[in-house]
């Protein structure tokens, strides 16, 4: 292991790229809105929607501006938390690792110093130009601190959900955390992850001994899974939802809440299938009151253009990671669901 360069202190970066006093208050209010949905005080649904990866600032801010205008039309039924994912896990260690690693997606090399600045600048620009506060994935527990004060929600991915460092760090975050089921689809692992995150812990973090208070708003996100042969399988159907509901109830988890990811294993990464899956989920909510109270929202991978392209493909607003549902289809779907 070779030390390359020291990254900026978190307080330095916050000073250089700060929120205004009114933005701090607006973020606090948005977090309360999300928490109220998760604990059942607010009967609206959460809509976590946006690109698979936030690869370029101009296209992401363009997309978020469209989403902000749509939020005004659907606010009676939905609270929108946009996806601005700046770190991407890679199954085999290869490929685009997100803005944090590669602030210029056309570059093969990593530049983490420029990356931490680029991720904060992108989140801050979304807030400044749209008023929306986003969700990002906590790929590295220590690096989330560079943008934590700008977020309304944190997600922990399927490859990280079994990791003790992620669970304990999430237990100390003062905002909602969604934990995805592992790649294997083992629902007991998901339940144990949520349970651990909801508890108090002592741990080592950034060179300190720290104590966490437990995160009562930690909850599950089901995203499908890979079977023993490596094929994608869904887990959003009624029978599985009942099973998860019973596991939650028998585990005495706080604030019984579930988000359903319409992409990844649930759609086998067929981006247009997300429309059918979202409709089916809301039909389930309509027909089964207990599940309606349990299912607090959905996640959709969406960008300006349908599908995906190779890194350097050059099409504005088209994903360079997983295929995404284009804006026109996304808007039509959300209005229909609302």
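Values in this text are rule-based calculations from the coordinates and carry no lab data. Given the structure is predicted, the values throughout are model-derived calculations rather than measurements. FYI the Cβ positions are ideal-geometry reconstructions off the backbone, even for glycines, and counts take in every protein chain you see.
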*Using only the Cα atoms, work out Rg/Rh for the range 32-82, with Rh taken as the Kirkwood radius, to two decimals.*
1.05
*asked:* Please compute the contact order of the chain in relative form: average sequence separation of alpha-carbon pairs under 8 Å and at least six residues apart, divided by the residue count, as a percent.
replied: 17 percent
*asked:* Give me the tail of P(r) for the range 136-193 as a percent: Cα-Cα pairs with distance above 18 Å.
replied: 26 percent
*Return one quarter of the surface area of the convex hull spanned by the alpha-carbon atoms of the range 222-305, equal to its mean projected area, in nm².*
6.3 nm²
_Gain in span if fully extended, residue 272 to residue 12, counting 0.36 nm per residue against the direct Cα distance_ = 89.3 nm
*Using the count of nearby Cβ atoms within 10 Å as a rough guide to exposure, how do 308, 229, 338 rank from fewest to most?*
229, 338, 308
*Helix-derived [θ] at 222 nm for the chain: sum -39500 (n - 2.57) over DSSP H runs of at least 4, divide by residue count, nearest 500?*
-11500 deg cm²/dmol
*So what are the three principal axis dimensions of the range 1-119 from its Cα atoms, in whole Å, longest to shortest?*
51, 31, 27
*Quarter of the Cα convex hull surface for the range 151-273, i.e. its orientation-mean projected area (nm²)*: 8.2 nm²
*Who wins for biggest fluctuation among 82, 18, 51 in a Gaussian network model of the chain, springs between alpha carbons below 10 Å?*
18
*Report, for the chain, the % of DSSP beta bridges that are antiparallel, rounded to 5.*
20 percent
*Mind telling me which of 240, 321, 147 comes out most flexible in a GNM of the chain, alpha-carbon contacts under 10 Å?*
240
_Let's test this: bin the Cα-Cα distances of the range 198-338 at 10 Å from zero up to the farthest pair and state each bin's percent._
11, 31, 29, 21, 8, 0
*By the gyration tensor of its Cα atoms, with a ≥ b ≥ c the square roots of the eigenvalues, what is the shape of the range 101-143: rounded for a/c under 1.5, prolate for a/b over b/c, or oblate?*
oblate
*Normalise the Cα radius of gyration of the range 76-197 by 2.2 N^0.38 Å (N = residues in it) and let me know the number.*
1.09
*Please report Rg over Rh for the chain, where both radii come from the alpha carbon positions and Rh follows the Kirkwood definition.*
0.93
*When the chain is treated as a GNM, springs tying every alpha-carbon pair under 10 Å, which of 267, 216, 143 comes out with the largest mean-square fluctuation?*
143
*asked:* Beyond 17 Å, how much of the Cα-Cα pair distribution for the range 262-307 remains, as a whole percent?
replied: 37 percent
